[in-house]
1. Could you check Phe648 against (1) at pLDDT 90 or above; (2) surrounded by 15 or more Cβ atoms within 10 Å (Cβ to Cβ) and say which number it fails?
2. Could you say whether any residue in the range 457-464 is closer than 21 Å to Ile520 by Cβ, within 36 Å of the chain's Cα centre (by Cα), at pLDDT below 95 and surrounded by fewer than 22 Cβ atoms within 10 Å (Cβ to Cβ)?
3. Quick one: in the range 250-267, of everything that is at negative phi and assigned to a loop (DSSP other than H, G, I, E, B), which residue is surrounded by the most Cβ atoms within 10 Å (Cβ to Cβ)?
4. Residues in the range 625-632: is at least one touching a Gly at 6+ places or on another chain (Cβ under 7 Å), at pLDDT below 85 and closer than 18 Å to Gln542 by Cα?
5. Would you confirm, using the coordinates I've provided, whether Lys421 is closer than 22 Å to Leu468 by Cα and surrounded by fewer than 22 Cβ atoms within 10 Å (Cβ to Cβ)?
6. Residues to consider are Ser338, Ser446; find the one that is buried (at least 16 other Cβ atoms within 10 Å of the Cβ), over 26 Å from His475 (Cα atoms) and not aliphatic (A, V, I, L, M).
7. Give the residues of the range 358-384 that are more than 21 Å from Ser408 (Cα to Cα) and touching a residue at least 24 places away in the same chain (Cβ under 8 Å), sorted by residue number.
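The values are calculated or read from the model by the stated rules, or taken from the named source; none is laboratory data. These numbers come from a predicted model, not from an experiment. Please note: Cβ atoms are built from the backbone with ideal geometry, for glycine as well, and neighbour counts cover all protein chains shown. To get the accessible areas, we keep the full protein, side chains included, count just its heavy atoms, and leave off ligands, DNA and RNA. Shrake-Rupley method; radii C 1.70, N 1.55, O 1.52, S 1.80 Å.
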Amino acid sequence: MPTVLRPPSSPLRHHHSGRRHHRHHLVPSSLFFLPLKPLSLSPSISLYTPFSSSSTSPQQLLLNSQETQVDFDKWDPISASGFAESFNFDDSFDSVELKKFETQAVEVRELEDIPDQWRRARLAWLCKELPAHKTPTMVRILNGQRKWIRQEDGTFVAVHCMRIRENEAAFRVYKWMMQQHWFRFDFALATKLADYLGKERKHLKCREIFDDIINQGRVPCESTFHILIIAYLSSSGPSVLDEACNIYNRMVHLGGYKPRLNLHNSLFKALLGKASSESKHFLKQAEFIYQNLTSSGLEIHKDIFGGLIWLHSYQDVVDMERIAALRAEMWSRGIKESKEVLVSVLRSCSKDGNVEEAERTWSKLLSIDGSPPSQAFVYRMEVYAKIGEPTKSLKVFRRMQEQLGSTSVAAYHKIIKVLSKHQKLDLADSIMSEFINSGMKQLVPSFIDLMRMYSVAGLHEKLESTFLRYREVCHPNLTVFNIYLDLLVNTSNLSLAEEIFHEMCGNVAIGVDSRACNSILKGYMTSGEYVKAVKIYNLMRQKKYDVEIESSLMERLDYVLSLREKVVEEPIRLKLTPEQREVLTGLLLGGVQIRSDGERRLHAIHYEFNEESRIHSIFKRHIHDEFHEWLGSHDMMVDSTADIPNSFTTISHSYFTFYADQFWPNGRPCIPKLIHRWLSPRVLAYWYMYGGYRTSSGDILLKVKGSSEGVVSILKALKAKSLDCRVKKRGRVFWIGFLGDNAAFFWKVVEPFILDELKELLKAGGDSNGSLETQCINFDGGSETDEKNSECSDADTS
């Protein structure tokens, strides 16, 4: 009889043993059949990392601690209030499923039951050798056995690797088997391997086998669906939650399975574990989970109701009837409405303008807690603003100050926005002064509201004085400068408008967009500065901005262009500027990818930014503007920072061939041999902004992927610039550390090229203020390398 997969403690029997044993079924290892507990953390945080359990990668700490960049053109003080915007689950929400999954056993022979002595010896040798090697060597070894190895032999080796917990090796053996002419699909083997990989949180490899099962016309086991979903939820990445939802839906529709309670709860918790701006897009999925819970007759936790109401309250168009139905269902089940549920109802009323329901909810909230949370006051202000009663909103604001003894940033933003919208000039200006004197930050959205208020009222002097006041207390902002530029153009103050426009072009923290270019173009055309107008027009063509000026000015511009020597304009040939070449070099060192076609003739630059990083949320706007003319039409058409995706790609172009050959030969990152010639201060600055971190002690870390020889070249080049550093390798990533005084000297070199908005976050030394990486990499460990000692391999050691 064949045996099923044995516990890892079962030793491999020696092939020379003279004893014969009957083949029998053994009990599977209990480790692999323990129930999976639902996750108790955000799906964006990985449970499996290449770092040790006692340390955390800088990127993960960055995820935990950074804020999201605010788009001031679509500023909403309610959703961007500084309050915890993810739903708070009760500790009792997590549940544990004790029932084990039933899976088909994998049948393999015992080694001593194989009749041929030489075959036993070869299998024993393969079982010993393969787990010790990386993929290329393993494939070479297996290719050398093609003359004799068959399906049952490959299965034996794969099963042995799983017994000793070498699941990566088992996966490589299985993938090699699939390429052989004798391969026959083994559902039990594929299921067991997928489950083992999923339990190690290797979601990509688990998904690959999951897809293989489906491609064979089979439906994966319930355990495979369950484990793969959990693996996705416990992994980091931009689309893991979407994939988890997709697998969950297929589990119900394709497999016909009824997911277990802990899986429902884990996925629901992950949906609400992100910020409201992201979670609100998962409303349909959350409703689908609720429907499955109801149809399965499972116990529905109170946080399922609270979470659904929370999601509904963040929708752009709130379904008050659905919220009322959920509240009625809670009442029928004897579930009391918590404070968070009532705050969600208030949020819904603030969008719907339902004053009566808002006041009833407010009374209930006061009965639960005599001191309501500050965001509840903000929602009441919004309710009265919806019905056109800004004075009542102001009364709520003053009552909040009296009752709580403090005022939140969101409350200031909201009341100034309300008063500005209703042209309450004196009141808005008075509260703005109060806001500035409070010492709070995030003043820019309120300055924008004030400037727009004065623009509508035609009070140009007040608008200008507000702009000058803004420059004294805030960092540069594109929207503010655009409002002021429009004022200067509309008042025919072209000389100052030109000065402001050049300042915007020269300051990377501000930059220019389509609106700024159209504004200054209008000014030049109105004043008859046609030569300058043509220059701006050419800039807009280069950046691929649409020309949006009055029809009469557009006709005049067409006439001016027709008078040029070349009536038929040649299309502008894309070419990187010297600054763009340096920027791109720094970004490629920091981790930007290059995607090539099959013949490697055309290449595209793929930028990917961490959606939960405050630094990246600011930095992506600058990169989007810097390479605007190289972007595809879809990525180019964005109205504001909030619309800029977290990943975008340039058009495929032969101009990037040089960078592909130097930095991404054979589709893998590489450090060019001539890198020592290209490490200018600007390159180092952009490398730092994209792929660097500042530790809690003020040290600076840069990460790079490539060979140890390439890293040595970088070290020598830095040494030549008097930049002393240390290097340590973690997996395929090298960490270059500038410690102590070396960090301060590095900062002096790169500071002129760092965005103004990022200088406080990236400056060497001082306190990180909770905005940056706080975990130091220990450069004194045995695996470090430096200029003299750089014995590192290129293989993945994670």
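1. (1)
2. First pass over the range 457-464, keeping only residues closer than 21 Å to Ile520 by Cβ: 460, 463-464.
Narrowing the set further to residues that are within 36 Å of the chain's Cα centre (by Cα) leaves none.
No, that holds for no residue.
3. Start the filter on the range 250-267 by keeping residues that are at negative phi, which leaves 250-255, 257-267.
Next, only the ones that are assigned to a loop (DSSP other than H, G, I, E, B) stay: 254-255, 257-260.
On the way: Leu254: 13, Gly255: 16, Tyr257: 18, Lys258: 16, Pro259: 23, Arg260: 20.
This residue is Pro259.
4. Just the residues of the range 625-632 that are touching a Gly at 6+ places or on another chain (Cβ under 7 Å), to begin with: 625.
When the remaining residues are screened for being at pLDDT below 85, the result is 625.
Pick out the ones that are also closer than 18 Å to Gln542 by Cα and you get 625.
Within the range 625-632, one or more residues are touching a Gly at 6+ places or on another chain (Cβ under 7 Å), at pLDDT below 85 and closer than 18 Å to Gln542 by Cα.
5. Details: closer than 22 Å to Leu468 by Cα: yes; surrounded by fewer than 22 Cβ atoms within 10 Å (Cβ to Cβ): yes.
Considered against the rule, which asks whether it is closer than 22 Å to Leu468 by Cα and surrounded by fewer than 22 Cβ atoms within 10 Å (Cβ to Cβ), Lys421 comes out as yes.
6. Working: Ser446 fails: over 26 Å from His475 (Cα atoms).
Among Ser338, Ser446, only Ser338 is buried (at least 16 other Cβ atoms within 10 Å of the Cβ), over 26 Å from His475 (Cα atoms) and not aliphatic (A, V, I, L, M).
7. Filtering the range 358-384 down to residues more than 21 Å from Ser408 (Cα to Cα) leaves 359-361, 363-364, 367-368.
Answer for the range 358-384, where residues must be more than 21 Å from Ser408 (Cα to Cα) and touching a residue at least 24 places away in the same chain (Cβ under 8 Å): Lys364, Ile368.
Residue-by-condition table, conditions (1) within 26 Å of Glu760 (Cα to Cα); (2) surrounded by fewer than 19 Cβ atoms within 10 Å (Cβ to Cβ); (3) of a type in the set (Val, Ile, Thr); (4) modelled with pLDDT of 90 or more:
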site: Lys703; (1), (2), (3), (4): yes, no, no, yes
site: Gly706; (1), (2), (3), (4): no, no, no, no
site: Val711; (1), (2), (3), (4): no, no, yes, yes
site: Leu715; (1), (2), (3), (4): no, no, no, yes
site: Gly731; (1), (2), (3), (4): no, yes, no, no
